[in-house]
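This report refers to the structure that appears directly beneath it.
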Amino acid sequence: MDPSRIPLFDLADRRLSWIGQRQQLLSQNIANADTPGWRTHDLKPFAEHLARGTGMAPARTDPGHIAPTRPPAGAGKAQTGERAPDGNSVSLDVELAKVADTESAHSLVTGIYQKYLAMFRTASGR
Amino acid sequence: MDLQKALSISARGMNVQTTRLRVIAENLANQDTTGTSPGTQPYRRKTVTFANAVDKSVGAETVKVKKVGRDMGELPLRFDPGHPAADERGYVRVPNVNSFVEVMDLKEAQRSYSANLNVLQVSRGMISRTIEMLR
């Protein structure tokens, strides 16, 4: 069986690569916190990223189903924080909060992944 | 791998903040360095500017020290007729280092350094947790 065809593994794979890329961008922002003219970078939220690529959105098979909820308003917009006189828009606390967010998302993914693997182990009796 | 790049970028960020700290230390150490004879120039405050640069070995945009320049602001005069560098009116040119400005700059460099260190630790934790998935 090809493990990448199990939806959860594929999803975890994409989530981890999204987290890795975001971490790279955030570390660039923080390293350039004193570079004149530097503007912060960030990725679009993962939900938006996912909705573009795959048919992961829930299907409505009955008129009684509630429509999928939209992402919260304003998500994905670049934060329009204040800029320093030298044109730098990095705010260390905002960036560090994002880093903490990314870290907790990462431990969530790895945790779920390991639990899921443990289920396979239980099923195969090892 | 992106997380490995994040590690290198944070390390580069700490590196440039260290250069900034070195320049601040030079300025503070030389805040009383005057000339030794009339007409000679005292120490001028050094400044650091950073720039964003693509690092080929990392494969991503990092940060580098663009230039260590000199503050060409006016040098204050101090009345000290007994000084070897005093002019005929008894005034000495002293360095344009303001220790308050330097100490504030030092605090800011320290804060940026710890932010980079924090990101480095988080990235390292993420890498080791990813490796633990193999168990």
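Listed values, structure above:
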read-out: Evaluation of residue A:98 against (1) touching a helix residue (DSSP H, G or I) at 6+ places or on another chain (Cβ under 7 Å); (2) at pLDDT 85 or above; (3) over 26 Å from residue B:49 (Cα atoms); (4) outside any helix (DSSP H, G or I) (one fails), failing number; value: (4)
read-out: Residue pairs meeting the criteria (Cβ under 6 Å; at least 6 apart or on separate chains; first over 17 Å from residue A:17 (Cβ atoms), in the range A:92-119; second at pLDDT below 90); value: A:116/A:8
read-out: Cross-chain or 6+ apart pairs with Cβ under 6 Å, the range A:1-22 first and within 15 Å of residue A:48 (Cα to Cα), then part of a helix (DSSP H, G or I) and at pLDDT 90 or above; value: A:15/A:109; A:19/A:102; A:19/A:105; A:19/A:106; A:22/A:102
read-out: Matching option when the condition is touching a strand residue (DSSP E or B) at 6+ places or on another chain (Cβ under 9 Å) and either at negative phi or modelled with pLDDT of 95 or more (or both), among B:51, B:29, B:25; value: B:51
read-out: Qualifying residue in the range B:112-130 (condition: within 14 Å of chain A (Cβ to nearest Cβ), out of contact with any Leu (no Cβ under 7 Å at 6 or more places or on another chain), in a strand (DSSP E or B) and not hydrophobic (A, V, I, L, M, F, W, C)); value: no
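Table: residues versus (1) within 14 Å of chain B (Cβ to nearest Cβ); (2) assigned to a helix (DSSP H, G or I); (3) at pLDDT below 70.
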residue	(1), (2), (3)
A:11	no, yes, no
A:25	yes, yes, no
A:43	yes, no, no
A:49	no, yes, no
A:55	no, no, yes
A:59	no, no, yes
A:67	no, no, yes
A:84	yes, no, no
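The values are calculated or read from the model by the stated rules, or taken from the named source; none is laboratory data. Predicted, not measured: the structure shown is a model, and the values here were computed from it. All Cβ positions, glycine included, derive from the backbone under ideal geometry; neighbour counts span all protein chains shown.
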